[in-house]
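Structure first, then comments.
The values are calculated or read from the model by the stated rules, or taken from the named source; none is laboratory data. This one's a predicted model, so the numbers in the text were calculated from it and none came from an experiment. Counting neighbours? That spans all protein chains shown, and the Cβs are built from the backbone with ideal geometry, glycine included. Surface areas here come from the heavy atoms of the whole protein model, side chains and all, with no ligands, DNA or RNA. Shrake-Rupley method; radii C 1.70, N 1.55, O 1.52, S 1.80 Å.
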Amino acid sequence: MEQRHLGRTGLRVSRIGLGTLTWGRGTGEHDAADQLKAFWEAGGTLIDTADVYGGGEAEYLLGQLVERLIPRHELVIATKAGSVADPYRRFDGSRGHLLAALDASLARLATDYVDLWQVHAFDPDTPLEETLQALDIAVSSGRARYVGVSNYCGWQLAKAATWQLAGAGGRARLASTQMEYSLLQRGVEREVLPAARDLGVGLLPSSPLGRGVLTGKYRQGVPADSRGASERLAAFVEPYLDEDAARVVEAVAIAADGLAATPLQVALAWVRDRPGVTAPIVGARDARQLTAALSVEALSLPDEIRRALDDVSAPVHRYPDQDWSTL
């Protein structure tokens, strides 16, 4: 698998990442082990997790599998902290919470360091410089090699990245931002992606398959064994089952037929090769699903198909936008 630099740093990662959102919850040890082996054998290196995935079980399971199956130095392990199970406060970006969460993550992962540590979301109740100081301490103490953020809007990302760059040598620059990005969700193109590209921050798209909808599985209705049919995740999928999304899904299916590919491959290739993107994060139910996603490595979309998909999925951007020429 091709490797890419993460933002304007020396860290190289596989251009597809493996997500572990369901590990320790819907994905058990056997299936997780099969996925990890298939990913590594395909040349994948970037493994994405978080301290809240499965209540910590995803990190624990990953730590156990890496110790048994794959040399630690051959993987780029990324985790996140800042989400909390508190009905009155969804995110805690305080220095104390973040550093304690990092220590707990390292214990579960059975490693002395993570390659990439990201703040899971912006905390409006904590001064941003305090949150960013936790990232600096993590790097200077050797507990994290690189740092980034997740779910920061455009001004939040720009402020954080600029603050880090403005420091006189004692601050760790932001390597990454992780955001939802797909043919069904192009909101990051408005401000986040331009800011990231300008400031040298690599984008790690989550849900690059439109929460599964872009695979085409929902074209004839909601399958009984799908996320859209589950009580816990139906609300997660539902926003992408409207008429606008259906038009995009049909366009992806038509493109796939013309390329002798699958809709999954077409949708994933589109987001993988967008300017500013480093590596989409792909989750799978089992190794078979993951292998299907990893087969995208052999596919590059022709320019005319890429432009057609751009057009059919184009979001409506009005004032103020980067390009005022059409206003």
- Heavy-atom accessible area per residue, the range 1-118, 1.4 Å probe: how many Å²? 41
- Convex hull (Cα only) mean projected area of the range 187-272, reported in nm² to one decimal: 6.7
- Only one of the listed values, [x] 57, 43, 42; [y] 98, 72, 34; [z] 53, 52, 40, was derived from the coordinates as Cα extents along the principal axes in Å; which label is it? [z]
- Query: Expressed in nm to one decimal, what extension gain is obtained for the pair residue 197 and residue 129 from 0.36 nm per residue of sequence separation less their Cα-Cα distance?
  - Reply: 22.3 nm
- Largest first and to the nearest Å, give the Cα extent of the range 99-204 along each principal axis. 37, 32, 26
- Query: What is the magnitude of the charge dipole of the range 136-265 about its Cα centre, with +1 placed on the Cβ of each Lys and Arg, -1 on the Cβ of each Asp and Glu, and no other charges, expressed in debye to the nearest 20?
  - Reply: 620
- Whole-percent tail of the Cα-Cα distance distribution for the range 37-98, cut at 18 Å, equals 44
- Message: What lysines does residue 217 reach when the alpha-carbon gap must be under 28 Å and sequence neighbours fewer than 8 apart in one chain are set aside?
- Response: 37
- Query: Given a 1.4 Å probe and the protein chains all in place, what does the accessible area of residue 5 round to, in Å² to the nearest 10?
  - Reply: 90
- Query: With every protein chain left in place, what is the accessible area of residue 248 in Å² (1.4 Å probe, nearest 10)?
  - Reply: 10
- Message: Restricting to Cα atoms and excluding each atom paired with itself, what does the Kirkwood estimate give for the range 1-86 in Å?
- Response: 13.3
- Carbon plus sulfur, as percent of the 1.4 Å-probe accessible area of the chain, comes to 51
- Task: Could you pull the accessible area for residue 122 with a 1.4 Å probe, rounded to 10 Å²?
- Result: 40
- Query: In what sequence, highest mean first, do 53-60, 86-93 appear when ranked by Cβ atoms within 10 angstrom?
  - Reply: 53-60, 86-93
- Item | Accessible area (Å², per residue) of the range 224-327, counting only protein heavy atoms and a probe of 1.4 Å | 56
- Using the Kirkwood radius over Cα pairs, work out the Stokes-Einstein diffusion coefficient for the range 253-314 at 10 °C and 1.306 mPa s, in µm²/s as a whole number. 130
- Message: Less than 14 Å Cβ to Cβ from residue 107, Lys/Arg counted +1 and Asp/Glu -1: what total charge do the surrounding residues give?
- Response: -4
- Message: Students sometimes get this wrong: rank 270, 163, 155 by accessible area, probe 1.4 Å, all chains present, largest first.
- Response: 155, 163, 270
